[in-house]
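Written below as structure tokens is the structure these notes are about.
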Amino acid sequence: MANDISLKIILLEEVHWPRVSEIYQRGIETGLATFETKVPDWKTWNASHLKCCRFVALMDKEVAGWVALSGISDRFCYGGVAEVSIYVDPTHEGIGIGSALLKEVIHESEKHGIWTLQAGIFSENVISIKLHEKQGFRVVGVREKLGKLGNTWKDVVLMERRSKRMGIA
């Protein structure tokens, strides 16, 4: 990341939601990021994501990206497994914001007992796959034609990162 860029990672709070939802909407519009077709309201989004592990990247005091975790199951045995959602404003891509956000959520998740982070990424979203690989995620499989987005079947690359700090890597 360039030295002249002021980047700060802070907790994502409701006050950030208007900008976070804009970035999310831009991700939806690419057709590369999610099966979702519309951004939920704050209450719905807030209820579906872990409170401990959600951050925004502020670049010169403007939200330039966000990351959050959601649990994968209510079953106790999966309490240490979470799914990553990460979005960077397209006007700020390629300068290290995604890496900074992933590093922060990895660090914070381990402090909260999360031993496995997983991500499901559309196979054509090569930038996101490479971003996750740079932060220690590995491909564990591909779910072919997992779902349709519009009229297009999407393959989803399953990636995971096991914590080295939690002693199960």
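The values are calculated or read from the model by the stated rules, or taken from the named source; none is laboratory data. Since the model is a prediction, treat every value here as computed from it, not as a measurement. For neighbour counting, all protein chains shown are included, and Cβ atoms are generated from backbone atoms with ideal geometry for every residue, glycine included.
Is it the case that GLY120 is modelled with pLDDT under 95 and either more than 26 Å from PRO90 (Cβ to Cβ) or surrounded by 13 or more Cβ atoms within 10 Å (Cβ to Cβ) (or both)? Don't jump to the end; show me each part of the working.
Values: modelled with pLDDT under 95: no; either more than 26 Å from PRO90 (Cβ to Cβ) or surrounded by 13 or more Cβ atoms within 10 Å (Cβ to Cβ) (or both): yes.
Judged against the criteria, GLY120 is not a match.
Can you find a residue that is touching a residue at least 24 places away in the same chain (Cβ under 8 Å), touching a Ser or Thr at 6+ places or on another chain (Cβ under 6 Å) and surrounded by 14 or more Cβ atoms within 10 Å (Cβ to Cβ) anywhere in the stretch 86-97?
No, the conditions are met nowhere in the stretch 86-97.
Would you confirm, using the coordinates I've provided, whether GLY113 is touching a residue at least 40 places away in the same chain (Cβ under 8 Å), assigned to a loop (DSSP other than H, G, I, E, B) and over 25 Å from VAL15 (Cβ atoms)? Reasoning before the result, please.
On the way: touching a residue at least 40 places away in the same chain (Cβ under 8 Å): yes; assigned to a loop (DSSP other than H, G, I, E, B): yes; over 25 Å from VAL15 (Cβ atoms): yes.
Considered against the rule, which asks whether it is touching a residue at least 40 places away in the same chain (Cβ under 8 Å), assigned to a loop (DSSP other than H, G, I, E, B) and over 25 Å from VAL15 (Cβ atoms), GLY113 comes out as yes.
If you take the residues of the stretch 31-69 that are of a type outside the set (A, V, I, L, M, F, W, C) and closer than 16 Å to ILE97 by Cβ, which of them is surrounded by the most Cβ atoms within 10 Å (Cβ to Cβ)?
Filtering the stretch 31-69 down to residues of a type outside the set (A, V, I, L, M, F, W, C) leaves 31, 34, 36-38, 40-41, 43-44, 46, 48-49, 51, 54, 60-62, 65.
Applying the additional criterion that residues be closer than 16 Å to ILE97 by Cβ yields 54, 60-62, 65.
Working: ARG54: 22, ASP60: 9, LYS61: 7, GLU62: 11, GLY65: 24.
Selected residue: GLY65.
Please list, ordered by residue number, the strands (runs of 3 or more DSSP E) wholly in the stretch 1-106 having 1 or more residues that are more than 29 Å from LYS148 (Cβ to Cβ) and at pLDDT 95 or above. Quick ask: steps written out before the conclusion?
On the way: elements: 7-11, 54-59, 62-71, 81-88.
By residue number, 7-11, 54-59, 62-71.
Has the stretch 71-80 got at least one residue that is over 19 Å from LEU131 (Cβ atoms), of a type in the set (Ser, Thr, Tyr) and surrounded by fewer than 17 Cβ atoms within 10 Å (Cβ to Cβ)?
The initial filter retains those residues of the stretch 71-80 that are over 19 Å from LEU131 (Cβ atoms), namely 71-80.
Still in the list and also of a type in the set (Ser, Thr, Tyr): 73, 78.
Imposing the further condition that a residue be surrounded by fewer than 17 Cβ atoms within 10 Å (Cβ to Cβ) reduces the set to 73, 78.
There is at least one residue in the stretch 71-80 that is over 19 Å from LEU131 (Cβ atoms), of a type in the set (Ser, Thr, Tyr) and surrounded by fewer than 17 Cβ atoms within 10 Å (Cβ to Cβ).
Would you point out the residue of the stretch 65-100, among those that are of a type in the set (A, V, I, L, M) and in contact with a Lys or Arg (Cβ under 9 Å, 6 or more places away or on another chain), that is nearest to GLU160 (Cα to Cα)? Give the steps one after another, and end with the answer.
At the first step, the residues of the stretch 65-100 found to be of a type in the set (A, V, I, L, M) are 67-69, 72, 81-82, 84, 86, 88, 95, 97, 100.
Applying the additional criterion that residues be in contact with a Lys or Arg (Cβ under 9 Å, 6 or more places away or on another chain) yields 67-69, 84.
On the way: VAL67: 16, ALA68: 15, LEU69: 13, VAL84: 10 Å.
The qualifying residue nearest to GLU160 (Cα to Cα) is VAL84.
Identify, from the list LEU158, LEU149, the residue that is farther than 23 Å from LYS51 by Cα, at pLDDT below 95, of a type in the set (A, V, I, L, M) and surrounded by 13 or more Cβ atoms within 10 Å (Cβ to Cβ). Write out each step before concluding.
On the way: LEU158 fails: at pLDDT below 95.
Being farther than 23 Å from LYS51 by Cα, at pLDDT below 95, of a type in the set (A, V, I, L, M) and surrounded by 13 or more Cβ atoms within 10 Å (Cβ to Cβ) holds for just one of LEU158, LEU149, which is LEU149.
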